[in-house]
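One structure below.
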Amino acid sequence: GAVVSQHPSRVICKSGTSVKIECRSLDFQATTMFWYRQFPKQSLMLMATSNEGSKATYEQGVEKDKFLINHASLTLSTLTVTSAHPEDSSFYICGTGGGREYGYTFGSGTRLTVV
Amino acid sequence: GDSVTQMEGPVTLSEEACLTINCTYTATGYPSLFWYVQYPGEGLQLLLKATKADDKGSNKGFEATYRKETTSFHLEKGSVQVSDSAVYFCALSSYGQNFVFGPGTRLSVLP
């Protein structure tokens, strides 16, 4: 199955700064990457779907100008949290893979803390 | 739209106890069903899956059977270990639809 590498695993940043999270598909051509956000002790909320070479599709209520997604190649998708604020502190996780037949493979997640 | 419901946790068990985590779903068509596990501080790992009715997924002593008649995919294990402590997510995937996760069930196994 697909192997997904997500980096960084943890990041602490100051309010107002931007943070970039990278998600690499190591052995799979990921035409689509899914970005989720997980609040403490809650389930995963799909934020957006990134598509290689085109604009990402954002879920309702997700600010596209705040959460910038780029999927420039078949192996790399990035999520940039712009002008981060404490309320953006969360666990972010990316996933890709075989969908209905094989399930998704997820990265190890990024815990973002904005201070 | 599609949805997944799981039993509310947390579930606390003693080592070697039997585990059942209930999962039911609502979907159009015939979805594939999955269980994912999230260990503390980590991402999600696929635990097992089933792609059609009556299929049984199994891995690491865990099992779940795709029951179309009851729209269920309950996770079971005969004897849990402390290392099984984690959050378990039931999920489904239908044609043309995004992956849908249940709310997760936290399991704590005490020695």
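Being among the polar types (S, T, N, Q), modelled with pLDDT of 95 or more, open to solvent by less than 60 Å² (accessible area, probe 1.4 Å) and within 24 Å of A:K41 (Cβ to Cβ) narrows it down to one of B:S3, B:S85, B:S79, so name that one. Don't jump to the end; show me each part of the working.
On the way: B:S3 fails: modelled with pLDDT of 95 or more; B:S79 fails: within 24 Å of A:K41 (Cβ to Cβ).
Just one listed residue meets the conditions, B:S85.
Table: residues versus (1) surrounded by fewer than 22 Cβ atoms within 10 Å (Cβ to Cβ); (2) of a type in the set (G, A, S); (3) closer than 22 Å to B:P10 by Cα; (4) more than 9 Å from chain A (Cβ to nearest Cβ).
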| site | (1), (2), (3), (4) |
| --- | --- |
| B:T28 | yes, no, no, yes |
| B:T65 | yes, no, no, yes |
| B:E69 | yes, no, no, yes |
| B:L75 | no, no, yes, yes |
| B:P103 | yes, no, yes, no |
Test result for A:F106, touching a strand residue (DSSP E or B) at 6+ places or on another chain (Cβ under 8 Å), within 14 Å of chain B (Cβ to nearest Cβ) and surrounded by 21 or more Cβ atoms within 10 Å (Cβ to Cβ): yes
Test: B:T70 is assigned to a loop (DSSP other than H, G, I, E, B) and modelled with pLDDT of 95 or more: yes
Filter result for B:K60 (more than 12 Å from chain A (Cβ to nearest Cβ) and out of contact with any strand residue (DSSP E or B) (no Cβ under 8 Å at 6 or more places or on another chain)): no
Single residue of B:L13, B:L33, B:L19 found to be open to solvent by less than 70 Å² (accessible area, probe 1.4 Å) and within 21 Å of A:T105 (Cα to Cα): B:L33
Enumeration of residues in the range A:91-115 that are assigned to a strand (DSSP E or B) and either in contact with a helix residue (DSSP H, G or I) (Cβ under 9 Å, 6 or more places away or on another chain) or farther than 14 Å from A:P8 by Cβ (or both): A:G95, A:T96, A:G97, A:Y104, A:T105, A:F106, A:L112, A:T113, A:V114
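Check the range A:30-38 and report whether any residue there is part of a loop (DSSP other than H, G, I, E, B), at pLDDT below 95, on the phi < 0 side of the Ramachandran plot and buried (at least 18 other Cβ atoms within 10 Å of the Cβ).
To start, the set of residues in the range A:30-38 that are part of a loop (DSSP other than H, G, I, E, B) comprises A:30-31.
Now narrow it down to the ones that are at pLDDT below 95: A:30-31.
Then keep just the ones that are on the phi < 0 side of the Ramachandran plot; that gives A:30-31.
Next, only the ones that are buried (at least 18 other Cβ atoms within 10 Å of the Cβ) stay: A:30.
Yes, because at least one residue in the range A:30-38 is part of a loop (DSSP other than H, G, I, E, B), at pLDDT below 95, on the phi < 0 side of the Ramachandran plot and buried (at least 18 other Cβ atoms within 10 Å of the Cβ).
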Residues of the range B:38-62 that turn out to be of a type in the set (D, E, K, R) and either modelled with pLDDT under 90 or not in a loop (DSSP other than H, G, I, E, B) (or both), as a count: 3
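The values are calculated or read from the model by the stated rules, or taken from the named source; none is laboratory data. As the structure is a computational prediction, the values presented were derived from the model and not from experiment. Here the Cβ is made from the backbone with ideal geometry for all residues, glycine too, and neighbour counts use every protein chain on show. Keep in mind that these areas ignore ligands, DNA and RNA; they rest on the heavy atoms of the full protein, side chains included. Shrake-Rupley method; radii C 1.70, N 1.55, O 1.52, S 1.80 Å.
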